[in-house]
Structure formats: C-alpha cells, structure tokens
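A short worksheet on the structure shown next.
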Amino acid sequence: MTLVAGVDSSTQSCKVVVADAETGAVVRAGQAPHPDGTEADPAAWWDALGRATEAAGGLDDVAAIGVAAQQHGMVCRSETGEVVRPALLWNDTRSAGAAGDLVEEFGGPAKWADAVGSVPVASFTVTKLRWLARNEPEAAARTASVCLPHDYLTWRLTGEFVTDRGDASGTGYWSPATGEYRPDLLELALGRVPELPRVLGPAEAAGRTPSGALVSAGTGDNMGAALGLGLRPGDVAVSLGTSGTVFTSAEQACADPAGDVAGFADATGRFLPLVCTLNAARVLDAAAALLGADHQEVSRLALSAPPGADGLVLVPYLEGERTPNRPDATGSVHGLRLATSTPAHLARAAIEGMLCGLADGLDALLAQGARVDRVLLIGGAARSEAVRRIAPTIFGRPVLVPPTGEYVAEGAAVQAAWALSGAAEPPRWERAGLETYEADAVPAIRERYAEARDHILSR
Ligand SMILES: Nc1ncnc2c1ncn2[C@@H]1O[C@H](COP(=O)(O)OP(=O)(O)O)[C@@H](O)[C@H]1O
Ligand SMILES: O=C(CO)[C@@H](O)[C@H](O)COP(=O)(O)O
C-alpha cells in the first residue's frame, strides 16, 4: 500500500493524517496544540508538526506529504532565513487601520477587488506588512523575504521557498485572475519588494524531505478542506473552526467590490470565493465557559430552548469581526428578560448567533452568483448535535454533515497523492456516510439577528 500524509497546521492545532494513496482510507492520525494568541513564533508550528507526526506514528513509510495551514499569516525572514518577529495571524486585527489606509491610497475597494480579487481587511498579509513598516521599522528593514504559514512549513521540510495559488491569493499582492504577483501593491505596503515564494502549479511538487518523501505544493486550510471534500460547483462548505468560513468552487475568478466575498484561488487550478468570520467555534467555547458546561451539555441545553430562544440574540463579535468589517466590535446579548435569562436560552442564542453570521456570508456568496445545491457542514463545532440540527433553521435549506474527520489534513493528503500520481486531476476518494439534517426554516431568527447586529459597543 502506498501511503501519503496530509498536514493541517491551523489556528488552534496541528493535525496529521496518513492515508492510503489509492482509496484515501485514513490509517493513522495525530495532533498537537498550537500556542494561544494572534501572533505566533513559526518555530512553534514546526514543533507542533513534529509532535503531531510522532502521535501519528511517524512518516518514515510515507511516499508524499502535503501541508495545508491557516491562511494570511505574515512570516518575515531575514537575509539569513531567520524569522524577524512572531508571525501576525489572520485573526490579528491590529492592522485594521493599515487596511483602511491601503484601500484609500490605491483608489478604493473596487480597484483592490479588480487587482487581487479581494478588498483587504486586517486579515490580509499586505495590511500586516504596512503595519510592520509603520510600527516596527527595524523589523521591516530586516525583512528580506515574506511568506505564509504553509510556505514556512514546506520550506522547513524541503529547503524550497515556494507557495501555491490558493494561499498566494490571500496575501493581497497576488492576483488569482492573472496568476501573477503585484509588486506595486507590496511596494505600496512595505515601501519595497522583498523576496517572495515561487508560486507552484496545483499538482507540482515543492521538493523532497531529507528522507526522500515528495512534498506537494501545499495550500491554505480552506483550499485544503475543498480538496478533502471534493468540492464541486454547487457545493457550499460551511466550516466552523476558529474562523467561520463559507466557500464554494468556481470556474471564474470572483471580485466583490463590497469586500464581503474574498475572491481566492483554490488548490485545483480553479477559484474559491469565500466569506470568513472571526467568530465561530470559539463562540461555543465561550458559551461553555460562561455556562460552566462542556460542549455536550451546551448542545443539550440549546436543543431544550425554542427556535429563536424567545427573542434572545447573541451577536458573536467576541474577537472583533471581519465580515462585516468591524475589527473593534465586541459581542453583545439582546432581548434579555427574566424568561430568557436561562442557560438554555443563552446556549441556543450562541449557536444561532454564530450561524446567522455565516448565513449572511452565504447570502453574500449568492449575491456574487454562486449556485447552492448542497450545504456541507465541517470543522470542530460541526461535531455539536445542536449546531447540526439548528443549522437548517438558519440557512433555510438542508445541511449535509460528512463523517467527522479532518478535511483540511485529508485535502492536503489528496494533494500529496496528486503530486505523486502526476494525473491531470486530483484523486477522488469516495466518502460514504453523509448525514442530512432537515428542519423548517425560521426566518424570524435571522430578522431579529439583523435588528440586533448593528447595536454594538466597540472595545
Ligand atoms: N462537540 C463540539 N461542540 C462545539 N465545539 C467543538 C466541539 N468539539 C470541538 N469543538 C471546538 O472546535 C474548535 C476546533 O476546531 P478546528 O476546526 O479544529 O479549528 P482550527 O482548524 O481553527 O484549529 C475548538 O474551538 C473546539 O473547542
Ligand atoms: O483567514 C481565514 C480565511 O480567509 C481563516 O479561515 C484562516 O485560514 C484560519 O482558519 P482556521 O484555523 O479557522 O481553520
């Protein structure tokens, strides 16, 4: 049996799966936590990869490896390859002001969407580089090259400085439509153009590990999930990890001047229009902490309250928000009455609030012309029975839940198998066991959420 490995170096942890290259059956898996916070020493990702690999029984018998990782993180390296400062992550909002400045200086949101498929907000690497230039000029001056989290890990594995279309499309200085870097935008942000990783084709290999395993191009974690799910046009994935994301596969590049939809590239040579929120699974972690309960109990409580939680609304901007672009927002609870001051109402409102943010995202995708035949729910919080059962009431359509699995890491393994095979398209591993959750839509929940959404206090 030929084995391939896939890595998901996401915000909260690193996961490794080892799979049969022929069938995709996962034969071993391991994981290790990442440190908390919105900046991170890239060496911590490398350490976690080592520990997750060990937990997965090692990679000595693996023919190829692919690395998918959290998007956008700014990894700055010096002339000698040392990391200049901890990486600013996708959920670090300190560059929100820089984002606003860059949008204005380049001529407005529509010009950005036209140039790079997205209107940069604080998550995008280009805004982090502007923040660095303005706030840490010494670190900026020492920055000889810039790359992303998956590029860093691929470089540690192979010694090659490369990236892929999917992850490059989250920088804000690479165009999915033309497939080229925009050095002018880098210059605008940083004042000069540092070395950038070479952008590999979807099935191209980055290189080999010292022990000889092939390493594929790697990609961003959402692009990895799309590969892992075998996402097709008409499929919309809703991922409930640290971030909430809603995305679909597209044949044409997308450019939303309103900035709600990011016009990313995917890992197959196509495109991945995507909406991202800063607040997903951790909203339920916070609800659990508030209620002194575990996730199972939060789920049980939520299902014991009525749809709409009798008017209790939780606006989940606990980390600020990216879509809508409100980096300084805080979360809020509306509609508290004696009757709604119960753990069950709060648990339900937390789940409904998190899902309403993503339903707004789905609307934004539809407004960009996306087709929705199926909604697939994945990510850590999709393990919650209450989330699965409440989702159709909010999205107004059935929700399909694939068997619990690590779709990002499995997508990275698909990419590894693809690079190994040299085939024209990635392998399609059969996935049995999709569960369908159906419920009547309850439009009043989204209507009340929309009323509450704009009443927020800033930090
Ligand atoms: N049963 C569950 N119900 C709700 N949330 C859960 C459950 N199991 C895990 N989570 C949450 O999912 C998150 C991890 O999801 P994951 O998709 O791995 O995130 P990431 O890829 O961003 O690191 C954690 O915040 C964790 O607490
Ligand atoms: O910024 C985005 C997408 O644009 C996030 O989706 C990150 O890629 C982090 O992903 P998770 O750790 O939540 O999977």
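The values are calculated or read from the model by the stated rules, or taken from the named source; none is laboratory data. Just so you know, these numbers come straight off a predicted model, no measurement behind them. For neighbour counting, all protein chains shown are included, and Cβ atoms are generated from backbone atoms with ideal geometry for every residue, glycine included. All accessible areas refer to the heavy atoms of the entire protein, side chains included, with ligands and DNA or RNA removed. Shrake-Rupley method; radii C 1.70, N 1.55, O 1.52, S 1.80 Å.
The one condition from (1) of a type in the set (A, V, I, L, M, F, W, C); (2) surrounded by 24 or more Cβ atoms within 10 Å (Cβ to Cβ); (3) within 15 Å of ligand 1 (Cβ to nearest atom); (4) farther than 30 Å from residue 333 by Cα that residue 265 does not meet is (3). Filtered by the rule that a residue be of a type in the set (Gly, Ala, Ser), within 24 Å of the chain's Cα centre (by Cα) and in a loop (DSSP other than H, G, I, E, B), the stretch 62-112 gives 73, 95.
Within the option set 401, 375, being touching an Asp or Glu at 6+ places or on another chain (Cβ under 6 Å) and open to solvent by less than 10 Å² (accessible area, probe 1.4 Å) holds for one residue only, 401. Number of residues in the stretch 366-422 that are more than 21 Å from residue 29 (Cβ to Cβ), away from ligand 1 (no atom under 11 Å from the Cβ) and not in a loop (DSSP other than H, G, I, E, B) equals 14. Restricting to the stretch 324-365, what's the tally of residues that are outside any loop (DSSP other than H, G, I, E, B), closer than 20 Å to residue 262 by Cα, open to solvent by 40 Å² or more (accessible area, probe 1.4 Å) and in contact (Cβ under 8 Å) with a residue 24 or more places away in the chain? Total meeting the criteria: 2. Among all residues of the stretch 407-430, there is at least one that is in contact with a helix residue (DSSP H, G or I) (Cβ under 9 Å, 6 or more places away or on another chain), touching a residue at least 24 places away in the same chain (Cβ under 8 Å) and under 30 Å from residue 326 (Cα atoms). The condition (being open to solvent by less than 20 Å² (accessible area, probe 1.4 Å), within 13 Å of ligand 2 (Cβ to nearest atom), in contact (Cβ under 8 Å) with a residue 24 or more places away in the chain and not in a strand (DSSP E or B)) is satisfied by just one residue among 298, 275, 246, 283: 283. Restricting attention to the stretch 210-233 and to residues that are touching a Phe, Trp or Tyr at 6+ places or on another chain (Cβ under 9 Å) and more than 16 Å from ligand 1 (Cβ to nearest atom), the residue that is nearest to residue 244 (Cα to Cα) turns out to be 231. The residue of the stretch 113-155 that is surrounded by the most Cβ atoms within 10 Å (Cβ to Cβ), among those that are part of a loop (DSSP other than H, G, I, E, B) and of a type in the set (Ser, Thr, Tyr), is 123. Here are some conditions: (1) more than 20 Å from the chain's Cα centre (by Cα); (2) farther than 21 Å from residue 88 by Cα. Residue 136 meets all but one. Which one does it not meet? Unmet condition: (2). The set of residues from the stretch 67-92 being buried (at least 24 other Cβ atoms within 10 Å of the Cβ) and more than 16 Å from ligand 1 (Cβ to nearest atom) comprises 74, 75, 76, 88. Among residues of the stretch 437-453 that are open to solvent by 100 Å² or more (accessible area, probe 1.4 Å), those with a Cβ under 9 angstrom from a residue that is polar (S, T, N, Q), sequence gap 6+ or separate chain, pair up as 440/393.
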